[in-house]
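Here is the structure we will look at.
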Amino acid sequence: MEAIASITTRTLTRSCPVRVRINQACIASSSQSQPQPQWRHRRGFQTSAKLWKEVQAQRSASKVYASADEAVADIQSGSTVLSAGFGLCGTAETIIKAMHKRGPSSLHSLTAVSNNAGTAIGGGLSPLVESGQVTKAICSFLGGNKSLEKKYLTGEVAIELTPQGTLAEKLRCGGAGIPAFFTPTGVNTRIQTGEIPIKLKGDQIIEPGKPRETRIFDGRVYNMETAIKGDVAVLRAHKVDEAGNCQFRYTTKSFAPLMAKAAKIAIVEAEHIVPLGELKPDDIDLPGVFIDRIVQATEDKTIEIKKLRDPNADPEAEAKDNPALQRRNRIAKRASKELKPGMYVNLGVGMPTLAADFLPPNSNVWIQSENGIMGMGPYPTSEELDADIINAGKETVTLVTGASTFDSSDSFGMIRGGHINVSMLGALQVGANGDLANYMIPGKVFKGMGGAMDLVSNPDATKIVVLTDHVDKNGRPKVVQNVSLPLTGARVASTIITDLCVFQVDREKGELTLTELTPGVELEEVKQKTGAKFNVAEGLKEMEQ
């Protein structure tokens, strides 16, 4: 087992978007080798009992279509479309372009299910959202997609925010014939109470959220979530054989297998369509039984956030004339002390990611990214750049020796199941009892919770460490007695690390204890800038560096 060395995460370049061209020679040779499709013998969207035998017979016909236009020609308005991908990694750009080409007069009123419904730079579902063909999105994260946020706030698009791990499990159950399940994710939040409106028009709630039924197991409350099934799934794979067997590369598999299984019709665009037998049984990530239509991918891949590293960079030297970066590094350096050899850890987007910079060489700490990586490495050099390897922030990264990749159901299973030792997250507010808020400011910020609610769903098994500036940009305390913003999780944080100090949290008693002070910071300053009562440890010491 190779240990993860100290990870330098400094950015040399950041360009949005980056196009990755497909080898056209491979496309030509692949498509020429395919049998000619028999269009009238394809599986369609009508699956009534009367047509069942006919449908089964149709499945024996060739699955390879001459074009994406042909493959999407019979998708009906009002359909639920499951769109695979994470950010722009693994999205079915060729198929989505064909759906957009049909226009809103031919294809409209779509419900799109995706981790994020398009991006701030376009791509993914963005064309269908912009054209008005998508009228409802079930997703976990909007991020910086201001266009979609505006459409939600003005009532043009309904949005059903769903925690990322719950979204994955809803899809998994939809494909496995399981109608509902119970999960700890979202308990004691607005997910449970249904207080996040699905559709707004200004200040008016047109469609309220859906309160969850709850049940107690082993003394703990769980939310009931129902499965998601789709009319059509669109996904992208690296290689697909004529039987529909699929092979994915790295993090492109995050939602793809789950969505293919949960849909009546699954359409895959293949970077390479290969003859039957070229993919060995151990090479196949998704069996062909779940795929109905195959088209050649013709659209280039897009790298949403390209980040490169300088192998010779010194994080602390770079921050010499940058007080804000010095502050962030101070927090991250202290956070790295929480990570012990052999641990499996998840580092959230933003400041938590920087903690990896300060791990010693051969630290033997395994970093998980919830989009499907165990053994995440640093940002790549230009030579190492791969569009199919990204982290939860959609940034390009690398994999260490011994790393593995998997779909989102497995990823969140290991998170909820308590197999991750430590999870680090940022905060908008954190309470004296360990309450955490980090995804929404009503009326101001509407980004979505992504995987955060899942990451804090099992705080007895996974230690939750919160990294945050002590005050916000307006000087208001972020460590408060009672959290006023929508909760990510209730009584979840065990340790709070700020630029001024370290607090330990007694989640049962709802009490804070100050255990460390940053060098040069006086106790009185912490008292003035903290919006919560706290105890002072007898052995109060300087913050570990």
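The values are calculated or read from the model by the stated rules, or taken from the named source; none is laboratory data. In this text the structure is predicted, and so the values were computed from the model without any measurement. Every residue, glycine as well, gets a Cβ built from its backbone with ideal geometry; the counts of neighbours run over all protein chains shown. Only protein heavy atoms, including side chains, enter the accessible area calculation; ligands, DNA and RNA are left aside. Shrake-Rupley method; radii C 1.70, N 1.55, O 1.52, S 1.80 Å.
Across the range 211-247, which residue is nearest to G186 (Cα to Cα) among those that are part of a loop (DSSP other than H, G, I, E, B), in contact with a helix residue (DSSP H, G or I) (Cβ under 9 Å, 6 or more places away or on another chain) and not β-branched (V, I, T)? Walk me through how you get there before you give the answer.
The initial filter retains those residues of the range 211-247 that are part of a loop (DSSP other than H, G, I, E, B), namely 211-213, 218-219, 227-229, 242-245.
Among the residues that remain, those that are also in contact with a helix residue (DSSP H, G or I) (Cβ under 9 Å, 6 or more places away or on another chain) are: 211-212, 227-229, 242-245.
Next, from what is left, pick out any that are not β-branched (V, I, T): 211-212, 227, 229, 242-245.
On the way: P211: 11, R212: 9, A227: 16, K229: 21, E242: 42, A243: 40, G244: 36, N245: 35 Å.
Applying the filter and picking the extreme gives R212.
Please go through the range 339-353 and give me each residue that is at pLDDT 95 or above and part of a loop (DSSP other than H, G, I, E, B), ordered by number.
Correct list: L339, K340, P341, G342, M343.
Restricting to helices (runs of 4 or more DSSP H) lying wholly in the range 19-112: which have 1 or more residues that are at pLDDT 60 or above, farther than 29 Å from N391 by Cα and not β-branched (V, I, T)?
Working: elements: 24-32, 52-58, 68-71, 93-102.
Result: 68-71, 93-102.
Is there any pair linking a residue in the range 531-545 that is farther than 30 Å from S484 by Cα and open to solvent by 70 Å² or more (accessible area, probe 1.4 Å) to one that is in a strand (DSSP E or B) and not charged (D, E, K, R), with Cβ under 8 Å and at least six apart or on different chains, and which?
Close Cβ pairs (under 8 Å, with a partner that is in a strand (DSSP E or B) and not charged (D, E, K, R)) amount to K541/T515; K541/L517; E542/L517.
Give R309, R330, R334 a once-over and let me know the one that is in contact (Cβ under 8 Å) with a residue 24 or more places away in the chain, in a helix (DSSP H, G or I) and open to solvent by 20 Å² or more (accessible area, probe 1.4 Å).
On the way: R309 fails: in a helix (DSSP H, G or I); R334 fails: open to solvent by 20 Å² or more (accessible area, probe 1.4 Å).
Within the list R309, R330, R334, the selection yields R330.
Under the condition of being crowded, with 24+ Cβ neighbours inside 10 Å and polar (S, T, N, Q), which residue from the range 246-293 is nearest to D407 (Cα to Cα)?
Of everything passing the filter in the range 246-293, S254 is nearest to D407 (Cα to Cα).
Can you confirm whether the range 502-520 contains a residue that is within 28 Å of the chain's Cα centre (by Cα) and farther than 22 Å from T185 by Cβ?
Within the range 502-520, not a single residue is within 28 Å of the chain's Cα centre (by Cα) and farther than 22 Å from T185 by Cβ.
Since V526 meets every condition but one in (1) open to solvent by less than 20 Å² (accessible area, probe 1.4 Å); (2) part of a strand (DSSP E or B), which condition does it not meet?
It is condition (2) that V526 fails.
Can you list residue pairs whose Cβ atoms sit under 9 Å apart, with the first residue in the range 482-496 being assigned to a loop (DSSP other than H, G, I, E, B) and the second being buried (at least 20 other Cβ atoms within 10 Å of the Cβ) and of a type in the set (F, W, Y)? Count only pairs 6 or more apart in sequence or on different chains.
Cβ pairs passing all conditions: L485/Y439; P486/Y439; T488/Y439.
Check T488 against each of (1) open to solvent by 10 Å² or more (accessible area, probe 1.4 Å); (2) modelled with pLDDT of 95 or more and name the one condition it does not meet.
(1)
With the checklist (1) among the β-branched types (V, I, T); (2) open to solvent by 50 Å² or more (accessible area, probe 1.4 Å); (3) closer than 19 Å to V64 by Cα in hand, flag the one item V349 doesn't pass.
If we test V349 against (1) among the β-branched types (V, I, T); (2) open to solvent by 50 Å² or more (accessible area, probe 1.4 Å); (3) closer than 19 Å to V64 by Cα, just (3) comes out false.
Here is a check on your reading of the model: is D321 of a type in the set (D, E), open to solvent by 30 Å² or more (accessible area, probe 1.4 Å) and at pLDDT 95 or above? Spell out how you get there, then give the answer.
On the way: of a type in the set (D, E): yes; open to solvent by 30 Å² or more (accessible area, probe 1.4 Å): yes; at pLDDT 95 or above: no.
Spelling it out, it is not the case that D321 is of a type in the set (D, E), open to solvent by 30 Å² or more (accessible area, probe 1.4 Å) and at pLDDT 95 or above.
Filter the range 497-523 down to the residues that are touching a residue at least 60 places away in the same chain (Cβ under 8 Å) and hydroxyl-bearing (S, T, Y), then identify the one that is surrounded by the most Cβ atoms within 10 Å (Cβ to Cβ).
Only one residue fits best here, namely T498.
With the requirement that a residue be under 26 Å from D410 (Cβ atoms), among the β-branched types (V, I, T), open to solvent by less than 20 Å² (accessible area, probe 1.4 Å) and in a loop (DSSP other than H, G, I, E, B), what does the range 138-186 give you?
Within the range 138-186, T162, T185 qualify.
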